[in-house]
Amino acid sequence: MPTTAILKITDSNGMVLYEAPQPKGEAIVEPSAAYVLTRLMEGVFENGGTGNRVASIIKRPVAGKTGTTDTDGWMVGFTPELSTAVWVGYDKGRDITTTDGRRAAPIFAEFTEKALENIPPKIFPIPDGVVSVYINPQSGKLATAACPEKELETFISGTEPTEYCDQHGKAPAVDDAQSKVDPAEESRSLWNNIKRWWLN
């Protein structure tokens, strides 16, 4: 998109002398791919994620990425309404301590909650072209009733696993329609997240 330096020029009577043309939007990525990436980035704030220690501060759906180097600590994240980047470091290239590297995430969480305190939480909109299925995290294949662990994962339609996990005994014969997540089941999973955001 071209850079626009001047949006509008008016005279003393309010007559518009110049107005920059409105930029034309351009689709850069398919909505289904953007949603799958967002779901992965929501995992940063779930158990095992690098942002999990601040998940209790954030009472809404959020996605993001942490990052640390010898000289920088980062937390970049977004909700459906707001994008925020926090950097912690020194402008002279001085190394940061391990403690300094952990400061970006709490700053991000507290700022996000304060900035959105009067806005009700919203989930990220789910576009057409995505499907959620339960997989076995060890095999990456569709989970069966014999699998001790199952994780709900989101895929672009047509890229989800089609083979059933066989690491925990013979996979039962299940037709493809049964492997897809029931909307009610997905809703229960979503509700568990909503309860976590609300009660923490």
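The values are calculated or read from the model by the stated rules, or taken from the named source; none is laboratory data. The structure displayed is predicted, hence computed values, not measured ones. Because the Cβ atoms are built from the backbone with ideal geometry, glycine has one as well, and the counts that use them run over all protein chains shown.
Taken across the range 124-134, residues that are at pLDDT below 90 and surrounded by 14 or more Cβ atoms within 10 Å (Cβ to Cβ) do not occur at all.
Against the test of being surrounded by 13 or more Cβ atoms within 10 Å (Cβ to Cβ), over 30 Å from residue 152 (Cα atoms) and modelled with pLDDT of 90 or more, the options 54, 88, 44 yield a single qualifying residue, 88. With respect to being in contact (Cβ under 8 Å) with a residue 12 or more places away in the chain and either over 17 Å from residue 40 (Cβ atoms) or among the acidic types (Asp, Glu) (or both), residue 101 fits the description. Can you go through 115, 146 and tell me which one is surrounded by fewer than 17 Cβ atoms within 10 Å (Cβ to Cβ), of a type outside the set (Asp, Glu) and in contact with a His (Cβ under 6 Å, 6 or more places away or on another chain)? Result: 146 is the single residue among 115, 146 that is surrounded by fewer than 17 Cβ atoms within 10 Å (Cβ to Cβ), of a type outside the set (Asp, Glu) and in contact with a His (Cβ under 6 Å, 6 or more places away or on another chain).
Screening the candidates 55, 63 for the property of being over 14 Å from residue 115 (Cβ atoms) and within 9 Å of the chain's Cα centre (by Cα) yields one hit, 63. In the condition set (1) touching a Lys or Arg at 6+ places or on another chain (Cβ under 8 Å); (2) within 30 Å of residue 168 (Cα to Cα); (3) free of Cβ contacts under 8 Å to residues at least 60 places away in the same chain, residue 150 is compliant with all but (1). Residue-level check: of (1) basic (Lys, Arg); (2) more than 26 Å from residue 125 (Cβ to Cβ); (3) touching a residue at least 24 places away in the same chain (Cβ under 8 Å), residue 60 misses just (2).
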